[in-house]
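Take a look at the structure set out below.
Each reported figure results from applying straightforward, stated rules to the coordinates on display, with no laboratory input. No experiment lies behind these values; they were computed from the predicted model shown. So basically every Cβ, Gly included, is an ideal-geometry build from the backbone, and we count neighbours across all protein chains shown.
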């Protein structure tokens, strides 16, 4: 009752109650109930502490990979399982996951919520499919590769553990792909933080040890003749890593590997990358013809068109498209890079 009277002194001058006596009884009862619950909770915590066994040495266990498999629950669709695992275990935000899936953030939030409801009350005693786990690791690495280096390193660490535990060519292919991409990381950004395109990177800064390891793992996986999308992507990365200069890149063979990737995935993004590769192998107009067959709303479609128009000598169109692509860029680093490309061409046109 004393607590209720103190609360009345604080509240009543501003908002006097219609029934002062009833108000005091209600507030006093609520305070009494809260205090009783708090005391009971404290006693339960003390009892639990007293019942705990004496601490002793324990073996260090890293169960992160096991959690990846458990979150890839058979009751979920592969896309929902990937989204849930990325959020619950991978540490990615809903916005990062939505960007990886090329969908609005609100759509991805609903997908994750549905996945949570689906597995609510379900026993997590059946591990999911290895393909779903590979997709999660691939997306975690991609997010880390373009953002936090520790996230990429963690994805490589877990994929190494998976490769040691499972004899699967696609697990090896994913590990090779990660190593080959990670080998170029230090050359991807300029001292001012700007992006450096692959063709302009200082190849002496590439990690040859990681490249050699990635190529060796890839060759062993390809020798098993069970081609999958990660092996095909790794083969493309290996061809880039093998070229002493950008001009010596074997674009014809890269297009052939993209053909395999299209057959395996039929992904619009793969088709977009293939169009750029065709532009390098057969000339920019051939690349633009391939690009014209694709959906213009695809991420980086406009940037790819700008690059091919510049290669074809149409600087005015390229400058306009670079500026348009900059406005659509998903992150600041890419936006700055495309803006600089547009400014560079506009300066050439003025001269």
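GNM on the chain, C-alpha springs below 10 Å: top fluctuator among 259, 62, 312?
Between 259, 62, 312, it is 62 that shows the largest mean-square fluctuation.
Among 43, 226, 203, which one shows the highest mean-square fluctuation when the chain is modelled as a Gaussian network with alpha-carbon springs under 10 Å?
Comparing 43, 226, 203 in the GNM, the peak value goes to 43.
Would you please state which residues of the stretch 65-83 a label at residue 118 would reach in this model, taking the label point 7 Å out along Cα→Cβ and a backbone N cut-off of under 11 Å?
Only 72-83 fall inside the zone, counting backbone N under 11 Å.
For 1, 178, 108, which order do you get if you count the other beta carbons within 10 Å of each Cβ and list the fewest first?
Fewest-to-most ranking of 1, 178, 108: 1, 108, 178.
Which order do 257, 29 fall in if you start with the one that has the fewest other Cβ atoms within 10 Å?
Working: 257 22, 29 12.
Going from sparsest to densest Cβ surroundings: 29, 257.
In deg cm²/dmol and to the nearest 500, what is the mean residue ellipticity at 222 nm of the chain if only DSSP H runs of at least 4 residues count, each as -39500 (n - 2.57), divided by the residue total?
Value at 222 nm, helices only, nearest 500: -22500 deg cm²/dmol.
With Cα extents along the principal axes in Å as the read-out, I listed (i) 86, 51, 34; (ii) 56, 51, 37; (iii) 88, 56, 37; which label goes with the value calculated from this structure?
(iii)
Kindly identify the stretch 77-194 as rounded, prolate or oblate by the Cα gyration tensor criterion: order the square roots of the eigenvalues as a ≥ b ≥ c, call it rounded if a/c is under 1.5, otherwise compare a/b with b/c, prolate if a/b is larger, else oblate.
Oblate, because a/c is 1.5 or more while a/b does not exceed b/c.
Where the centroid of each part is defined by its Cα atoms, how far is the stretch 62-122 from the stretch 207-243 in Å?
29 Å
Obtain the nm distance between the two label points defined at residue 19 and residue 36 by a simple spin-label model: each point lies 7 Å from its Cα along the Cα-to-C-beta direction.
Going from the residue 19 label point to the residue 36 one covers 2.1 nm.
Mind checking which of 172, 28, 190 has the largest fluctuation in a GNM of the chain, springs on alpha carbons under 10 Å?
Answer for the Gaussian network model of the chain: 28.
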